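Presented below is the structure to which this report refers.
Laboratory data are not the source of any read-out in this text; all were calculated from the coordinates shown. Everything quoted here is computed from the prediction, not taken from an experiment. Glycine also receives a Cβ, built like all others from the backbone with ideal geometry; neighbour counts cover every protein chain displayed.
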């Protein structure tokens, strides 16, 4: 199979905070031939950058908590513990966004920045993909409520010892994609990362 496909038609069906296109398409089948015509809607133009903020000197993480519409009716209360992050604009790099959002959401200056991975969030319905980082910060003065008022942001900074944050995995408050992946990566790389960052000064 050559993984071929052809788009028969596409149209913008919603143009609000989210951009939604409807596609009519066909694609090759594993056992030969072509699929029937499929109709699929897809959320467009989404790309985000997220960063796990880590202080290697104090072995602490800076996370954020905010209301999320996707948690409404699914999680009580619908406030979600997350890593810092935001959407990437056309003229921005994901690393620039990680640094900017750390200031906007947590009032933290990021030093070294380590790329963890890039992943698709929900490829069955969206182009949304996330670049995930770990960023070096000083957690000594972290705290408070931050965010941009004109974007309706009300973001509380949560400082946790690394062990406490890792304990939120698997049934705790770390229950969204980015924070789970970030904490799993950190769990595997914690000692090596901490030793390297401390040795580099």
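Per-residue counts of other Cβ atoms within 10 Å, averaged by peptide: what ranking do you get for 184-190, 14-20, highest first?
On the way: 184-190: 15.0, 14-20: 11.0.
The peptides rank, most packed first, as 184-190, 14-20.
Can you give me the Cα centroid spacing of region 151-190 and region 133-147 in angstrom?
13 Å
Where is the GNM fluctuation largest for the chain (alpha-carbon springs, 10 angstrom cutoff): 26, 12, 156?
Evaluated over the chain, the most mobile residue of the options is 26.
Which shape class, rounded, prolate or oblate, goes with region 1-70 when its Cα gyration tensor gives a ≥ b ≥ c as root eigenvalues, a/c under 1.5 marks rounded, and past that a/b bigger than b/c marks prolate?
Note, shape of region 1-70 comes out oblate.
Give the span of the chain's Cα atoms along each principal axis, as three whole-Å numbers ordered largest to smallest.
59, 39, 37
Could you give me the percent of Cα pairs per 5 Å distance bin for region 5-44, shortest bin first, beginning at zero and ending with the bin that holds the maximum distance?
6, 24, 24, 19, 12, 9, 4, 2
Residue 90 to residue 39: extension gain in nm, 0.36 nm per residue of separation minus the Cα-Cα distance? It would help to have the intermediate numbers written out before the result.
Values: separation 51, 0.36 × 51 = 18.36 nm, distance 2.82 nm.
This chain segment gains 15.5 nm when fully extended.
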